[in-house]
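Asker: Sharing a structure with you now.
The values are calculated or read from the model by the stated rules, or taken from the named source; none is laboratory data. Quantities reported herein were computed from a predicted structural model and do not represent experimental measurements. Every residue, glycine among them, receives a Cβ derived from its backbone with ideal geometry; neighbour counts consider all protein chains shown. Accessible surface is based on the protein model in full, side chains and every heavy atom, while ligands, DNA and RNA are left aside. Shrake-Rupley method; radii C 1.70, N 1.55, O 1.52, S 1.80 Å.
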Amino acid sequence: MGNLCCCVQVDQSTVAIREQFGKFDSVLEPGCHCMPWFAGKRVAGHLTLRLQQLDVRCETKTKDNVFVNVVASIQYRALADKASDAFYKLSNTRSQIQAYVFDVIRASVPKLHLDDAFEQKDEIARAVEEELEKAMSAYGFEIVQTLIRGHRTRGEHVKRAMSEINAAARLRAAANEKAEAEKIVQIKRAEGEAEAKYLSGLGIARQRQAIVDGLRDSVLGFSVNVPGTTAKDVMDMVLITQYFDTMKEIGASSKASSVFIPHGPGAVRDIATQIRDGLLQGSSVTQH
């Protein structure tokens with residue numbers, strides 16, 4: 001009916017290509033246009049300006065000889081000011097884009113190992129987009145965006161191997177962390193033991209010094225109050241008194257174990273001599 005009335009309608013987001021006697025005449029914008037068919041003018045076809053998407057699945061091989069399927073999504077559209085080029089210069093736009101995608105992916109992925117191919121998806125997408133933009137702009141098309149949606153390995157054994165590699169790496173990292181933690185605990189424990197032994201040694205040294213000072217004061221006080229006694233006599237008496245006090249404490253304690261020691265005047269004298277010699281040696285070492 002439109003042809004009979006010499007009128008033609010062009011829908012929104014679409015342009016029409018008008019020819020006259022088989023030669024390109026003009027690009028018709030959306031709306032109603034006069035089309036005098038008797039003058040040899042006709043609509044050769046329509047070209048959509050909407051954004052289109054083409055999913056390209058390309059199988060290739062990585063540097064470590066693993067076959068993968070790379071899925072690339074190409075978003076493109078025709079340019080209104082180059083509608084004649086987009087309509088006449090390409091007979092099959094989707095096949096042309098697919099050929100360029102195959103060329104770039106099969107030139108890029110074989111240079112990468114499998115793990116790198118997964119990590120460098122953005123770089124592969126950028127390379128595909130640059131190549132398409134350079135090639136398709138001459139045909140009146142704009143490449144809006146290129147996405148690499150993922151890689152799929154061919155074969156379940158490859159997936160299992162990759163999972164095992166990741167699991168082994170995580171276990172190795174966990175073992176290192178555990179070893180570091182145990183190392184820190186052992187170091188801290190050793191530092192604590194060293195500090196405790198140091199403080200214990202200081203306590204023992206101070207205890208011995210206090211005992212020596214107490215015995216010296218006792219000897220001096222006894223010598224002053226009891227004329228005629230020597231320091232040896234006073235020391236023997238003090239040591240024997242301490243010996244019996246110790247025996248008393250052992251016997252009075254409910255949790256004390258049985259202690260068998262020689263008992264008698266001669267044994268007490270030997271014990272006193274041993275204790276006195278030990279204390280005097282300890283005092284001499286402390287003073288030095």
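Asker: Given 10 Å bins starting at zero, what is the percent of C-alpha pairs of region 52-154 in each, up to the one with the largest pair distance?
Answerer: 16, 48, 24, 10, 2
Asker: Could you check how much of the accessible area of region 9-148 is carbon and sulfur, as a whole percent, using a 1.4 Å probe? It would help to have the intermediate numbers written out before the result.
Answerer: On the way: 3480 of 7590 Å².
Accessible surface attributable to carbon and sulfur in region 9-148 totals 46 percent.
Asker: In region 52-154, if the dipole is taken from +1 on Lys/Arg beta carbons and -1 on Asp/Glu beta carbons about the Cα centre, which of VAL128, ALA86, ASN65 is farthest to the positive end?
Answerer: ASN65
Asker: Now for a separate question. Could you tell me, in Å, what Rg and Dmax come out for the Cα atoms of region 1-124?
Answerer: 21.2, 67
Asker: DSSP loop (so not H, G, I, E, B), at most 16 other Cβ within 10 Å: list which trypsin sites (Lys or Arg not before Pro) in region 26-112 pass both filters.
Answerer: Working: sites: LYS41, ARG42, ARG50, ARG57, LYS61, LYS63, ARG77, LYS82, LYS89, ARG94, ARG106, LYS111; in loops: ARG50, LYS63, LYS89.
Sparse-neighbourhood loop trypsin sites (Lys or Arg not before Pro): ARG50, LYS63, LYS89.
Asker: Still on this structure, please answer the following. With every protein chain left in place, what is the accessible area per residue of region 7-48 in square angstrom, probe 1.4 Å? Please list the in-between numbers first.
Answerer: Details: 2440 Å² over 42 residues.
With all protein chains present, region 7-48 gives 58 Å² per residue.
Asker: Using a probe radius of 1.4 Å on heavy atoms only, what accessible surface per residue do you get for region 52-154? Whole Å² is fine.
Answerer: Value for region 52-154: 53 Å² per residue.
Asker: If you don't mind, there's one more thing I want to ask. How far apart, in nm, are two points set 7 Å out from the Cα along the Cα-to-Cβ line at ALA44 and at GLU133?
Answerer: 2.9 nm
Asker: Would you kindly state how much longer the chain becomes between ASP85 and GLN52 on full extension, computed as 0.36 nm times their sequence separation minus their alpha carbon distance, in nm to one decimal? Don't skip to the answer; put the middle values down first.
Answerer: Values: separation 33, 0.36 × 33 = 11.88 nm, distance 1.75 nm.
10.1 nm is the gain from fully extending ASP85 to GLN52.
Asker: For the ranges 192-198, 135-141, 10-16, what's the packing order if you count other beta-carbon atoms within 10 Å of each residue, average per peptide, and put the highest first?
Answerer: Working: 192-198: 10.0, 135-141: 18.0, 10-16: 16.0.
Highest mean packing first, the order is 135-141, 10-16, 192-198.
Asker: If you don't mind, another one. Tell me, in nm to one decimal, what length is gained between LYS248 and LYS178 on full extension, where the rule is 0.36 nm per residue of separation less the Cα-Cα distance? It would help to have the intermediate numbers written out before the result.
Answerer: Details: separation 70, 0.36 × 70 = 25.20 nm, distance 5.35 nm.
Net length gain for the segment: 19.9 nm.
Asker: Relative to the present Cα-Cα distance, how much length would full extension add between SER218 and GLN186 at 0.36 nm per residue of separation? Show your work: numbers first, answer last.
Answerer: Values: separation 32, 0.36 × 32 = 11.52 nm, distance 4.74 nm.
Gain on stretching SER218 to GLN186: 6.8 nm.
Asker: Taking region 7-48 as the region of interest, what is the percent of Cα-Cα pairs per 5 angstrom bin, listed from the shortest bin to the one with the maximum distance?
Answerer: The distribution over region 7-48 is 6, 27, 37, 20, 9, 1, given as percents.
Asker: Obtain the nm distance between the two label points defined at GLN75 and GLU119 by a simple spin-label model: each point lies 7 Å from its Cα along the Cα-to-C-beta direction.
Answerer: Reported label-point gap for GLN75 and GLU119 is 2.8 nm.
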